[in-house]
Amino acid sequence: MSQRSIPLLRVFLAVLLALPAPVRAQNTLPSGGHVVAGSAAIGAPAGNTLTINQNSGRAVVNWNTFSVGQPNTVQFNQPG
């Protein structure tokens, strides 16, 4: 490799590293949900849908991650 091509390689690598990482949206659904108040049931993902059934008037759920990539859906079923 010539002395001239090394700076160009460094610029190319710097630009490449600055680009955002690709998003893997196809498999993205919320994960790590924990009910901390009220009553709710977090189902296992079925196909591309995650269902949360809320059983009390109010509920609080803490999540490790909450992202929904296309074509996925999250369905919240609330009383009343």
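Please treat every number below as a calculation from the coordinates, not as lab data. From a predicted model like this one, the values you see are computed outputs, not experimental measurements.
In table form, for the structure just shown:
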read-out: Rg to Rh, two decimals, where the range 25-80 supplies the alpha carbon set and Rh follows Kirkwood; value: 0.98
read-out: Phi to ³J(HN,Hα) by Karplus 6.51 cos²θ - 1.76 cosθ + 1.60 over the range 42-57, Hz, x for Gly, Pro; value: 9, x, 6, x, 10, x, 10, 10, 10, 10, 10, 9, 8, 9, 10, x
